[in-house]
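Here the structure is laid out as structure tokens; the discussion comes afterwards.
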Amino acid sequence: MTKTLAVNAGSSSMKWQMYEMPEEKVLAKGLIERIGLKDSIVTVKFGEEKEERVFDIPNHTEAVEVLLEDLKRLKIVEEFTEITGVGHRVVAGGEIFQKSTVVTPEVLQQVKDLSALAPLHNPANAAGIEAFLNLLPDATSVVVFDTAFHTTMPEKAFRYPLPKKYYTDYAVRKYGAHGTSHMYVSQEAAKLLGKPIEETKIITAHIGNGASITAVKGGESVDTSMGFTPLAGVMMGTRTGEMDPSVFPYLIENDSELKDAQDVVDMMNKESGLYGVSGISSDMRDIIAAKDTDADAKLAFEMYVDRIQKFIGQYLAVLNGADALVFTAGIGENSVPVREAILSGLTWFGIEVDPEKNVFGVEGEISKPSSRLKVFVIPTDEELVIARDVEALKK
Ligand code: ADP
């Protein structure tokens, strides 16, 4: 029995989960928010207990120090040597990383060098890795990449129809994201289907604040909606998803607030999607609460549903039919109205939803036994995938 930490470091936050392995038992989990800002928030949950404290944490190294002190103070560990593995979620692994890898100085440098593909995420992931390396030098450090699951995509899916040199010289291609989540829920869906995963065709809809849809054939990603960066694909909380790039120069010429391409990309990443269309919020709960009385919120909801339906339609074509459609992540797991709206437009494909099963808190099948395409709600568990990969690579 050993203890393994799964860490998901964002630019100003750090989510973690501590496991007893190989039992896969969750011992504790927590979140440190507002790192580098005033009044950072430190939350720890263990057993039935929950602790929340507010004080300033200036950087990731101090966040890791606070986390480790809390583990001892709350007696989640007696000695730090009990923590034999730390797994880190890294967003972009480019074409270099096809699977999870033990961290070496070279690997850490490569994670930093890949920052162009995930400028908001990889530098924060690297800061988290360095902080743990300094404080727990004897634990096995492993990096688990969001992009790794998508490295099985065929070239016809991952290439853009640009001149070849932009792929060969600049590595411009589709990389995808949320790979750990798409992998986990497709494996769980195969279990629910009662079929070997090699014989399954599954469409996975990871729809949370960020969102992506993936076509999974025989357990491998064959296409996914996110692209060179996580801006592509379906409409999201604050991101546009698919756009005609001709809009970029047009806006730079016509809107004095947008000076260059980076300004336009920032606007499309941070001010668009549900938030931009509704002018109200990026949170689906607020959009649903407002949509019966506010025309912009109603439109935002309809556009959101429309973009997801279109990608599901594409992937039914890519896979030439499927066994199951899976909903996961914040909206996919929790929002009955979003699932209802998406599915009500897909009846031609043989989807028959059971309204008694499509309710808040459901897990598992929400379609009727007669439904040609099974529909599942499966809570994602990226941290568990990380802990399993660490366990497999431990010294
Ligand atoms: P992240 O991409 O940050 O990991 P999550 O998968 O946690 O996002 O999803 C967060 C989003 O899930 C929230 O912004 C909110 O829009 C949505 N959400 C959570 N609960 C509900 C609910 N009951 N109904 C509708 N949307 C919900």
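The values are calculated or read from the model by the stated rules, or taken from the named source; none is laboratory data. Just so it is clear, the structure is predicted and the values come from calculations on it, not from any experiment. Every residue, glycine among them, receives a Cβ derived from its backbone with ideal geometry; neighbour counts consider all protein chains shown. Quick note on the areas: whole protein, heavy atoms, side chains included, nothing else; ligands and nucleic acids left out. Shrake-Rupley method; radii C 1.70, N 1.55, O 1.52, S 1.80 Å.
Overview of values
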quantity	calculated
Single residue of Val247, Val222, Val264 found to be β-branched (Val, Ile, Thr) and in contact with a helix residue (DSSP H, G or I) (Cβ under 6 Å, 6 or more places away or on another chain)	Val264
Residue match in the stretch 314-330 (condition: open to solvent by 70 Å² or more (accessible area, probe 1.4 Å) and under 30 Å from Trp16 (Cβ atoms))	no
Asp263 being free of Cβ contacts under 8 Å to residues at least 12 places away in the same chain, surrounded by fewer than 17 Cβ atoms within 10 Å (Cβ to Cβ) and within 16 Å of the ligand (Cβ to nearest atom)	no
Per-region count, the stretch 344-366, residues free of Cβ contacts under 8 Å to residues at least 12 places away in the same chain and surrounded by 14 or more Cβ atoms within 10 Å (Cβ to Cβ)	1
Any chance Gly233 is in a loop (DSSP other than H, G, I, E, B) and in contact with a strand residue (DSSP E or B) (Cβ under 8 Å, 6 or more places away or on another chain)	yes
Selection from the stretch 202-218 of residues that are of a type outside the set (A, V, I, L, M, F, W, C), touching a residue at least 40 places away in the same chain (Cβ under 8 Å) and more than 16 Å from Ser282 (Cα to Cα)	Thr204, His206, Thr214, Lys217
Residue that is most open to solvent (accessible area, probe 1.4 Å) [pool: residues in the stretch 216-228 that are away from the ligand (no atom under 15 Å from the Cβ) and aliphatic (A, V, I, L, M)]	Val222
Qualifying residue in the stretch 155-169 (condition: at pLDDT 95 or above, among the small types (Gly, Ala, Ser) and within 25 Å of Leu67 (Cβ to Cβ))	no
Yes/no for Ala341 being crowded, with 20+ Cβ neighbours inside 10 Å and either in contact (Cβ under 8 Å) with a residue 12 or more places away in the chain or within 16 Å of the ligand (Cβ to nearest atom) (or both)	no
Of residues in the stretch 280-300 being closer than 29 Å to Leu117 by Cα and not charged (D, E, K, R), the one nearest to the ligand (Cβ to nearest atom)	Met284
One residue from Ile197, Ile202, Ile207, Ile213 being among the aliphatic types (A, V, I, L, M) and either open to solvent by 30 Å² or more (accessible area, probe 1.4 Å) or at pLDDT below 95 (or both)	Ile197
Total residues in the stretch 11-35, condition assigned to a loop (DSSP other than H, G, I, E, B) and either surrounded by 17 or more Cβ atoms within 10 Å (Cβ to Cβ) or touching a strand residue (DSSP E or B) at 6+ places or on another chain (Cβ under 8 Å) (or both)	4
Of residues in the stretch 297-311 being out of contact with any Ser or Thr (no Cβ under 8 Å at 6 or more places or on another chain) and buried (at least 24 other Cβ atoms within 10 Å of the Cβ), the one nearest to Arg239 (Cα to Cα)	Tyr304
